[in-house]
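S.K.: Handing you this structure, nothing more for now.
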Amino acid sequence: MVFVATMTVLLLYYLYHILRYYTAKLSTNCYLIDYVCFKPSPDRKISTLTSGALINRNKSLGLSEYKFLLKMIIRSGIGEETYSPRNILEGREESPTIDDSMLEMDEFFKTSVSEIFAKTKLLPSEVDVLVVSISAFSPSPSLAARIVQQQKMRDDVKTYNLSGMGCSASLIAIDLVNNIFKSGKKTVAMVVSSESIVPNWYCGNEKSMMLSNILFRSGGSVMLLTNDPTMRSRAKMRLKCIVRTNIGSQDDGYNCVMQKEDDTGRLGFYLGPGLPKAAMRAFTKNFQQLMPQVLPYRELLLYMWRIAEQKVKKTEGNSLSAAAKINYKSGIDHFCLHAGGTAVIDAVGDALGLSSYDDEPARMTLFRWGNTSASSLWYVLGYMEAKKRLRKGDRVLMISFGAGFECNSCIWEVKRDLGDGDVWEDCIKDYPPQTLVNPFFEKFGWVSETTEETLSGNMEAFRKKVALSL
């Protein structure tokens, strides 16, 4: 009897620890409960005529700058449904105030943060961790503290306020949350991601700093995540892996995207000519770490075989040319690309061998919403979901780029069939449109035909002609 009792106790002891280990392992997973994207009010839209009036207000522009803007706007891939902060629409872009920046943030916070709680039926008091990633506006008290105050969160909520991380900040915040989850303690985390355009609208005439005005638009996203295994049945996706790459130790990578002042002291974002090269170098390094985690062994063996074949035959090529032959779709079902611009989408699409179907979500996001910085990935994911592309078991790749220079990527596994329309609900039936041609050229195409001779140095008359086209 003593022996039986002893064995029973030992058995229960081992079963307890096995169960405890299994439960702890489940509690280190990162589940995406849900997310929402921000749709500003209709009175914040930037149409072709609004863009023309905004450009015409900048008295420092000459004919060369007008032609440059015309060319860049036409090539941008951005439509007429994007949004801007109110101070810019009201003609106060040269003298922004902190109140203007706070208003831009509060419209997003009060709409989208409240919406995610209503959508998930969770309460602000149930959030244990709050991460806010807004790069270019960092007031005190922090924006994270502002959300805590607005939503009346618990006194012991852990807050993190990330700044300066650029368009890749959203995945950096997810990585931070994922590491917190590894403690095993059941946790609910909220990630709030956006960008502040108000203090960084460029009012000068340096072309490399004018590009940001063309690309960046108002937007934002809020995500709720958890490691609680009892909530996994509610989750939309589970994080499989995340890889971060930073090439900031190299001067060209560090300097290619930068917040700075021009020679006249005007603040803005500089996008240098070395940006595409730095982006592809960071992308290549990132994928060298990501590929072994997502691709089947067959594709990895083929990749190594091609590299060896190049070395044996001493043919021209490198790891990039071998990687270009990899079938990425053997390990990835959907490609959620950062909608940073047509050049970014083209470059990543070519590197991965994507079809027009694969990069359609990114192009449509850019056309409808513009580059909303770190939150753009979630508008792209929202497009996929609204189109009912995401099915249980699918693997979704997210890729983002940001100042530093960084390339971050992650893989999500879809936990159930998804079909929420979110901000795409009222327009998804119209996408993709028959044409992505920007109507800006139709209105202002005559600018490209204007020469210094026909202008005769009379910029005031030229601006009046632009005004008459509005």
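The values are calculated or read from the model by the stated rules, or taken from the named source; none is laboratory data. Bear in mind that the values here come from a model prediction, so they are computed numbers and not experimental data. Positions of Cβ are backbone-derived with ideal geometry, glycine not excepted, and every protein chain shown enters the neighbour counts. Remember, those area values only see protein heavy atoms, side chains included, never the ligands or the DNA or RNA. Shrake-Rupley method; radii C 1.70, N 1.55, O 1.52, S 1.80 Å.
S.K.: So if I check each of GLU115, GLU107, which one is in a helix (DSSP H, G or I) and in contact with a Pro (Cβ under 8 Å, 6 or more places away or on another chain)?
M.R.: Details: GLU115 fails: in contact with a Pro (Cβ under 8 Å, 6 or more places away or on another chain).
Answer to the check: GLU107.
S.K.: Ok, one more. Does segment 122-138 hold any residues that are surrounded by 16 or more Cβ atoms within 10 Å (Cβ to Cβ) and either under 27 Å from ARG244 (Cβ atoms) or among the aromatic types (Phe, Trp, Tyr) (or both), and which are they?
M.R.: VAL127, ASP128, VAL129, LEU130, VAL131, VAL132, SER133, ILE134, SER135, ALA136, PHE137
S.K.: For segment 181-199, which positions are open to solvent by 10 Å² or more (accessible area, probe 1.4 Å), out of contact with any Asp or Glu (no Cβ under 9 Å at 6 or more places or on another chain) and on the phi < 0 side of the Ramachandran plot?
M.R.: Residues satisfying the conditions are LYS182, SER183, GLU195.
S.K.: Would segment 425-440 turn up any residue that is among the hydrophobic types (A, V, I, L, M, F, W, C) and in contact with a Cys (Cβ under 6 Å, 6 or more places away or on another chain)?
M.R.: No; the residues of segment 425-440 include none that is among the hydrophobic types (A, V, I, L, M, F, W, C) and in contact with a Cys (Cβ under 6 Å, 6 or more places away or on another chain).
S.K.: Could you please find all residues in segment 139-178 being of a type in the set (D, E, K, R), surrounded by fewer than 16 Cβ atoms within 10 Å (Cβ to Cβ) and over 14 Å from LEU225 (Cβ atoms)?
M.R.: LYS152, ARG154, ASP155, ASP156
S.K.: Could you list, in sequence order, all residues of segment 145-172 that are of a type outside the set (Ser, Thr, Tyr) and under 19 Å from the mean Cα position of the chain (by Cα)?
M.R.: Going residue by residue through segment 145-172, those that are of a type outside the set (Ser, Thr, Tyr) are 145-158, 161-162, 164-167, 169, 171-172.
Matches in segment 145-172: ASN161, LEU162, GLY164, MET165, GLY166, CYS167, ALA169, LEU171, ILE172.
S.K.: Could you list, in sequence order, the residues of segment 381-398 that are of a type outside the set (Asp, Glu) and within 19 Å of LEU225 (Cα to Cα)? Give the derivation first.
M.R.: Here is the first cut: in segment 381-398, the residues of a type outside the set (Asp, Glu) are 381-384, 386-393, 395-398.
Across segment 381-398, the qualifying residues are LEU381, GLY382, LEU390, LYS392, GLY393, ARG395, VAL396, LEU397, MET398.
S.K.: Something else: Is it the case that GLY220 is surrounded by fewer than 24 Cβ atoms within 10 Å (Cβ to Cβ) and in contact with a Phe, Trp or Tyr (Cβ under 8 Å, 6 or more places away or on another chain)?
M.R.: Working: surrounded by fewer than 24 Cβ atoms within 10 Å (Cβ to Cβ): no; in contact with a Phe, Trp or Tyr (Cβ under 8 Å, 6 or more places away or on another chain): yes.
The answer is no for GLY220.
S.K.: I want to confirm something. Restricting to segment 383-408 and keeping residues that are of a type in the set (A, V, I, L, M) and open to solvent by 10 Å² or more (accessible area, probe 1.4 Å), which single residue is nearest to ASN255 (Cα to Cα)?
M.R.: Restricting to residues being of a type in the set (A, V, I, L, M) and open to solvent by 10 Å² or more (accessible area, probe 1.4 Å), the top hit is ALA403.
S.K.: If we keep just the residues of segment 14-49 that are hydroxyl-bearing (Ser, Thr, Tyr) and modelled with pLDDT of 95 or more, which is most open to solvent (accessible area, probe 1.4 Å)?
M.R.: Going residue by residue through segment 14-49, those that are hydroxyl-bearing (Ser, Thr, Tyr) are 14, 16, 21-23, 27-28, 31, 35, 41, 47-48.
Cutting the leftovers down to modelled with pLDDT of 95 or more gives us 31, 35, 41.
Numbers: TYR31: 7, TYR35: 6, SER41: 38 Å².
Going through the qualifying residues, I end up with SER41.
S.K.: Name the residues in segment 80-95 that are out of contact with any strand residue (DSSP E or B) (no Cβ under 8 Å at 6 or more places or on another chain), part of a loop (DSSP other than H, G, I, E, B) and surrounded by fewer than 21 Cβ atoms within 10 Å (Cβ to Cβ), would you?
M.R.: Of everything in segment 80-95, those that are out of contact with any strand residue (DSSP E or B) (no Cβ under 8 Å at 6 or more places or on another chain), part of a loop (DSSP other than H, G, I, E, B) and surrounded by fewer than 21 Cβ atoms within 10 Å (Cβ to Cβ) turn out to be GLU90, GLY91, ARG92, GLU94, SER95.
S.K.: Additional query: For segment 358-382, how many residues meet the condition of being part of a helix (DSSP H, G or I) and surrounded by 24 or more Cβ atoms within 10 Å (Cβ to Cβ)?
M.R.: Quick first cut of segment 358-382, residues part of a helix (DSSP H, G or I) only: 358-369, 373-382.
This time we only want the ones that are surrounded by 24 or more Cβ atoms within 10 Å (Cβ to Cβ), so: 361-362, 364-366, 369, 373-382.
Matching residues across segment 358-382 total 16.
S.K.: Taking LYS285 and the conditions (1) surrounded by fewer than 19 Cβ atoms within 10 Å (Cβ to Cβ); (2) over 19 Å from SER208 (Cα atoms); (3) touching a helix residue (DSSP H, G or I) at 6+ places or on another chain (Cβ under 9 Å); (4) modelled with pLDDT of 90 or more, which numbered condition does it fall short on, given that it satisfies the others?
M.R.: Result: LYS285 passes all but (3).
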